[in-house]
Amino acid sequence: MLQDLLERFLAGDGGPAADQVGLGMLLAEVHNQSRERLNQALRPLGLNVRGFAMLLALPMYGPVSQRELMDRTGIEKSAMVRLIDELEEGGLVSRQRAPQDRRAYCIVLTPHGEQTLARARQATEQVGGHLFGWLTDPERRQLVDLLRGVAERAAPSGPRLLGRVS
């Protein structure tokens with residue numbers, strides 16, 4: 001039934017307002033389905049999309065404090081604590097004293113975390129290839145630009161996302 005309603009909205013049966021709702025519903029459906037596919041691929045590794053994103057982010061930022069991770073990722077404090085706790089319990093990250101401030105801790109990948117990250121990259125590349133491999137490079141860049149534009153306009157505080165991919 002939801003699929004029928006979505007198709008009717010996108011066909012213009014309900015006018016411009018329904019078309020806008022239909023586009024939002026389509027974006028949500030794509031998000032939900034792609035996230036579930038990624039979670040299925042990551043589950044055997046003891047990960048989900050959020051944990052995988054954090055494992056990907058850590059090498060990009062180097063040894064980094066939990067506070068800095070919160071600032072860079074926009075994840076709220078209690079959610080970040082839970083996420084890091086889960087990753088630490090899985091042996092994927094560790095909290096180590098920050099050399100510049102002994103009161104602070106840096107979050108670092110463990111050797112097991114590095115191995116898991118490598119396997120997770122392979123698993124998600126297969127899913128990503130299935131989802132996006134049919135797009136040409138220019139189509140992919142256009143899709144990213146279009147989605148960024150929508151995200152910027154949907155943000156409560158107005159445009160604030162990363163620059164365009166070209």
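Ligands, DNA and RNA are left out, and with a 1.4 angstrom probe the accessible area of region 52-166 is 67 Å² per residue.
Backbone phi angles across region 102-116, fed through the Karplus curve with coefficients 6.51, -1.76 and 1.60 (θ = phi - 60°), yield HN-Hα couplings of 5, 7, 9, 10, 9, 9, 10, 5, 8, x, 5, x, 5, 5, 5 Hz in residue order; Gly and Pro are listed as x.
Which residues make up the longest stretch of the chain that has no trypsin sites (Lys or Arg not before Pro) in a DSSP loop with at most 12 other Cβ atoms within 10 Å?
Working: sites that count: Arg160, Arg164.
Here the longest run is 1-159.
Computed from backbone phi, the HN-Hα couplings of region 65-76 come to 6, 4, 4, 5, 4, 4, 5, 6, 9, x, 7, 5 Hz, rounded to whole numbers (Karplus: 6.51 cos²θ - 1.76 cosθ + 1.60, θ = phi - 60°; Gly and Pro given as x). Taking only protein heavy atoms and a 1.4 Å probe, the accessible area of region 74-166 is 53% carbon and sulfur. Here the Kirkwood formula, the inverse mean of 1/r across different C-alpha pairs, assigns the chain a hydrodynamic radius of 18.5 Å.
The values are calculated or read from the model by the stated rules, or taken from the named source; none is laboratory data. All values reported here derive from a predicted model rather than from experimental measurement. Cβ atoms come from the backbone with ideal geometry, glycine included; neighbour counts cover every protein chain shown. Side chains included, ligands, DNA and RNA excluded: accessible areas come from the protein's heavy atoms. Shrake-Rupley method; radii C 1.70, N 1.55, O 1.52, S 1.80 Å.
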